Amino acid sequence: EDGPVATPDGVTLVRANNPGLLSLTGTNTWVLGARHSGATVVIDPGPPLPEHLAHILALGRPAAVVLTHQHLDHVEAAPALAAEFDAPVYAALPQLAVGTSPLTDGDLIHAAGWQLSVLATPGHTIDSVCLAIDGALFTGDTLLGGSTTIIAPPSGSLADYFDSMGRLAQLVDTPGFPGHGAAFRSVGAWATHNAEYREERLAQLVHIFTTLAGGTGGAPSLGQVASAAYGKNGKAVAPYVEAMTDAQLRFLTRRGDIAGWD
């Protein structure tokens, strides 16, 4: 892809200063404004860092807060904004929604002169949604910029993830604006690439599992498989490696690729 992807008119990226292993360069807060009396829609307000909140509020008064999923680095500032500005919080999880019904697939959100369409895209978490405005899609952590998302139990599901990638693969002419990393030119192309990459990793895991099982028919331990699958690359994400590996092995068992893993 050549050059950066243009942000839609009236939309501003405010990136939180919380870089890290899972947050990459920081949480992307997308502020939709400039349409109605200084009011804005804040997608994923992120962490309650004073400088970050100041940048968000400099763009206008939040008329609505919309959450793409439950993780703290996306939602932590939402209660404070909702309370200060009496703004509704839209979210798929009932415990995160404030003054609204939980989001479901196909819902429309009208606020500050904007209309957002909700696409349920579980996988990274059970409550993950993407949000469409005319000609653009905000993808949360369902699709990241330049990286693949982590899928780990109890909320993550590989089966759901592949279903969501199949759905997003149809949006070839739609640019994506993710929860972390840089925007991408084609949601469809990037979703297809992510699904293919995940299948390659699963094929490697099948090979590792069957090799470790050998001719005995007995299943190797989770630690053995995780260590072989991730090796040195897994050190950075060590707290998640076994959970991710277990989720993949369970998926492969249900799909029939391996046997003996319960």
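Annotation: per residue accessible area for the stretch 125-262 equals 45 Å², rounded to a whole number [probe 1.4 Å, protein chains only]. A straight chain from residue 108 to residue 134 at 0.36 nm per residue would run longer than the Cα-Cα distance by 8.1 nm.
The overall shape of the stretch 37-98 is oblate: from the C-alpha gyration tensor, with semi-axes ordered a ≥ b ≥ c, the ratio a/c is 1.5 or greater and a/b is no larger than b/c. Positive-end ranking of 259, 88, 140 along the dipole of the chain, with charges on Cβ about the Cα centre, is headed by 259. Only Lys, Arg, Asp and Glu carry charge here, each on its Cβ (+1 for the first two, -1 for the last two); on that basis the stretch 1-107 has a dipole of about 240 debye about its Cα centre. Comparing 53, 115, 247 along the charge dipole axis of the chain, the residue lying farthest to the positive side is 247, per the Cβ-charge model. Each Lys and Arg Cβ is given +1 and each Asp and Glu Cβ -1; about its Cα centre, the chain then shows a dipole of about 360 debye. How large, in percent, is the carbon and sulfur part of the accessible surface of the chain at a probe radius of 1.4 Å? Whole-percent figure for carbon plus sulfur exposure: 54.
Within the listed set 188, 20, 156, the residue fluctuating most in the Gaussian network model of the chain (springs between alpha-carbon atoms under 10 angstrom) is 20.
According to the square roots a ≥ b ≥ c of the eigenvalues of the Cα gyration tensor, what is the shape class of the stretch 1-65, taking rounded for a/c under 1.5, prolate for a/b larger than b/c otherwise, and oblate for the remainder? Oblate shape, in that a/c is at least 1.5 and b/c is the bigger or equal ratio. Relative to the longest principal axis of the Cα atoms of the chain, the long axis of helix 158-168 makes an angle of roughly 50 degrees. Axis of helix 238-255 versus longest Cα principal axis of the chain: the two differ by about 70°, to the nearest ten degrees. Considering only 142, 100, 174, the Gaussian network model of the chain with Cα springs below 10 Å gives its largest mean-square fluctuation to 100. Once both axes come from the Cα atoms, what is the angle between helix 187-213 and the longest principal axis of the chain, in degrees from 0 to 90, rounded to 10? The answer is roughly 30 degrees. From the square roots a ≥ b ≥ c of the eigenvalues of the alpha-carbon gyration tensor of the stretch 3-118, which class results: rounded (a/c under 1.5), prolate (a/b over b/c), or oblate? The shape class here is rounded. Packing, taken as the mean count of other beta carbons within 10 Å per residue, orders the peptides 199-211, 219-231, 42-54 from highest to lowest as 42-54, 219-231, 199-211. Note that the stretch 1-76 presents 46 Å² accessible area per residue, ligands and nucleic acids not counted, probe 1.4 Å.
The values are calculated or read from the model by the stated rules, or taken from the named source; none is laboratory data. From a predicted model like this one, the values you see are computed outputs, not experimental measurements. Quick reminder, even Gly has a Cβ in these numbers, built from the backbone with ideal geometry, and neighbours come from all protein chains shown. Only protein heavy atoms, including side chains, enter the accessible area calculation; ligands, DNA and RNA are left aside. Shrake-Rupley method; radii C 1.70, N 1.55, O 1.52, S 1.80 Å.
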